[in-house]
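Right, one structure below, let's go through it.
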């Protein structure tokens, strides 16, 4: 397995999709032609980095030109969390495989799916099995969730409204704390504190106040908001109030320690 830099990792002057394409074209690069290219449209554990649609299209073109399957990991950002049902939809691409999980079951039950284009599905019925697969309870709740929430645009519009609220609240918090920035998209967003220990202290204070929140990024520097898409607005605001207070207290303590 080879790892390549994500969109923006090398700065705005370097198109990392172009770098990928060139290295795959160059026999002297030492990189074998891949069987597949795996990518997230919005990185979850990587720190809420968002790929530009044009970058995703370039990666998809590189995969197709070099005969590699394109796999989109939608485990965290899929099921409507990053705007459309799939986080990659804005790019207008069609992956060969799509990994889905987490929100998919609709009831907090363990469930995951691998969507495969028909021409690549070589498994016979019952061939891909295992001890913990085939969770019938989750299958039932997942079907009900899809039918209830995704047969028309009402749920997506409600999620978009909550995402706008999240945009505004996080921007207001970040605007009061120099050196921080908002990252992510839709209902998968957070604040980059630039420091793992600072972000961990914010998460700890949130926990003490009754809010469970996690961190992400290479050094755990991003406090990540992953509220349920069905969360009531008043409860959402209450959680964001706790996050704001914890963030401002930690920032004030840091300033006082530096003086």
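For the condition within 19 Å of residue 222 (Cβ to Cβ), surrounded by fewer than 18 Cβ atoms within 10 Å (Cβ to Cβ) and either touching a residue at least 60 places away in the same chain (Cβ under 8 Å) or not assigned by TED's automatic domain parsing to the domain that holds residue 229 (or both), what is the one hit in 172, 163? Steps first, answer last, please.
On the way: 163 fails: surrounded by fewer than 18 Cβ atoms within 10 Å (Cβ to Cβ).
Residue meeting the stated conditions: 172.
Quick check: anything in region 182-203 surrounded by fewer than 12 Cβ atoms within 10 Å (Cβ to Cβ) and either under 22 Å from residue 102 (Cβ atoms) or out of contact with any helix residue (DSSP H, G or I) (no Cβ under 9 Å at 6 or more places or on another chain) (or both)? Walk me through how you get there before you give the answer.
The first filter runs over region 182-203 and keeps only residues surrounded by fewer than 12 Cβ atoms within 10 Å (Cβ to Cβ), leaving none.
Looking through region 182-203, none of the residues is surrounded by fewer than 12 Cβ atoms within 10 Å (Cβ to Cβ) and either under 22 Å from residue 102 (Cβ atoms) or out of contact with any helix residue (DSSP H, G or I) (no Cβ under 9 Å at 6 or more places or on another chain) (or both).
Scanning region 117-157 for residues that are under 20 Å from residue 84 (Cβ atoms) and in contact with a strand residue (DSSP E or B) (Cβ under 9 Å, 6 or more places away or on another chain), which turns out modelled with the highest pLDDT?
Filtering first and then ranking leaves 117.
Considering region 19-36 alone, what residues qualify as being in contact with a helix residue (DSSP H, G or I) (Cβ under 7 Å, 6 or more places away or on another chain) and closer than 11 Å to residue 59 by Cα? Let's see the steps before the verdict.
Here is the first cut: in region 19-36, the residues in contact with a helix residue (DSSP H, G or I) (Cβ under 7 Å, 6 or more places away or on another chain) are 20-21, 23-24, 29, 31, 33.
20, 21 - these are the residues of region 19-36 that are in contact with a helix residue (DSSP H, G or I) (Cβ under 7 Å, 6 or more places away or on another chain) and closer than 11 Å to residue 59 by Cα.
With the condition kept exactly as written, say whether any residue in region 22-36 is in contact with a strand residue (DSSP E or B) (Cβ under 6 Å, 6 or more places away or on another chain), over 24 Å from residue 219 (Cβ atoms) and at pLDDT 95 or above.
yes
Tally the residues that are buried (at least 24 other Cβ atoms within 10 Å of the Cβ) and closer than 12 Å to residue 38 by Cβ, restricting the search to region 64-85.
From region 64-85, those buried (at least 24 other Cβ atoms within 10 Å of the Cβ) are 72, 74, 77-79, 81-82; that's our starting set.
Those still in the list that are closer than 12 Å to residue 38 by Cβ too: 72, 74.
Of the residues in that region, 2 qualify.
The values are calculated or read from the model by the stated rules, or taken from the named source; none is laboratory data. Since the structure is predicted, the reported quantities are computational estimates derived from the model, not experimental observations. Backbone-built Cβ (ideal geometry, glycine too); neighbour counts: all protein chains shown.
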